[in-house]
Every structure is written in structure tokens, then in C-alpha cells.
1. Any chance the range 58-69 includes a residue that's within 11 Å of residue 30 (Cα to Cα), out of contact with any helix residue (DSSP H, G or I) (no Cβ under 7 Å at 6 or more places or on another chain), at pLDDT 85 or above and surrounded by fewer than 14 Cβ atoms within 10 Å (Cβ to Cβ)?
2. I'd like to know if the range 74-83 contains one or more residues that are modelled with pLDDT under 85 and either over 16 Å from residue 24 (Cα atoms) or in contact with a Gly (Cβ under 7 Å, 6 or more places away or on another chain) (or both).
3. Among the residues of the range 63-89, which ones are out of contact with any Phe, Trp or Tyr (no Cβ under 8 Å at 6 or more places or on another chain), in contact (Cβ under 8 Å) with a residue 12 or more places away in the chain and under 23 Å from residue 38 (Cα atoms)?
4. Taking the residues in the range 36-56 that are at pLDDT 85 or above and surrounded by fewer than 16 Cβ atoms within 10 Å (Cβ to Cβ) as candidates, determine which candidate is farthest from residue 73 (Cα to Cα).
5. Do the conditions hold for residue 93, that is, is it over 14 Å from residue 4 (Cα atoms) and either in a loop (DSSP other than H, G, I, E, B) or at pLDDT below 80 (or both)?
6. Return the residue satisfying two criteria in turn: it lies in the range 7-30 and is assigned to a helix (DSSP H, G or I) and modelled with pLDDT under 85, and of such residues it is surrounded by the fewest Cβ atoms within 10 Å (Cβ to Cβ).
Amino acid sequence: MFENYISETWDSELTQFVLDYINDHTFINIRSLRKLYYPNTIIYEHETRSISIKLGRIMKELKELGFVSNWSKKTFKNHYKGKLIQNLEKKNKNVFRKKA
């Protein structure tokens, strides 16, 4: 099936930022997304690597679930623009809930 990385890190700031960004856009460039989330690439290089790895895991899981697909080498296409979070909830039987 899939790794459940998104459901494990659902409450983290990075996961919420990525899912909200993907929900609002049709095409997603991973490098641009990382720079939007964390622009300090020169000073804290080790932190940007870990962010890139986490982004890769999120995108890999979304690709396995069928929500995104490769558009080019570095760009993904979102098939559920505006409905990504609702479809994630349906697919995983309401595992994902934003805590109030």
C-alpha cells in the first residue's frame, strides 16, 4: 500500500504547508516549494537537506496514492486541485483531521 508518512506527520507545520500549497496549485516544482518554505539555503544547509527529504517522502506518497503524477523531471501535476485534502480523508477513512 503506502507508507503513511503523511498521516504520521499530519500535525507538523511542513506537512500542512505542503498540502495547502499543493491543494492550491496545479503544477508543483519541488525546489521552488522548498525555497518558499525555507529560503535560507546557504546558512543552514543541513536543515534544507532534511526538508528536501521530507518533501520527497510526501510527494512519493501522494504519487503512490494517485493524487499527483510526474509532469517533468522536477515538476509534479496535481490531479485534485482544490480537493486534495478531502480526497486524502476519503482515501484514508478520516484519519486526517485538523486539530482545533
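The values are calculated or read from the model by the stated rules, or taken from the named source; none is laboratory data. Just so it is clear, the structure is predicted and the values come from calculations on it, not from any experiment. Virtual Cβ from ideal backbone geometry, glycine too; neighbours counted across all protein chains shown.
1. No; the residues of the range 58-69 include none that is within 11 Å of residue 30 (Cα to Cα), out of contact with any helix residue (DSSP H, G or I) (no Cβ under 7 Å at 6 or more places or on another chain), at pLDDT 85 or above and surrounded by fewer than 14 Cβ atoms within 10 Å (Cβ to Cβ).
2. Checked the range 74-83: at least one residue is modelled with pLDDT under 85 and either over 16 Å from residue 24 (Cα atoms) or in contact with a Gly (Cβ under 7 Å, 6 or more places away or on another chain) (or both).
3. Scanning the range 63-89 gives a single hit, 74.
4. Looking at the filtered set, the residue picked out is 36.
5. In short, no.
6. 8
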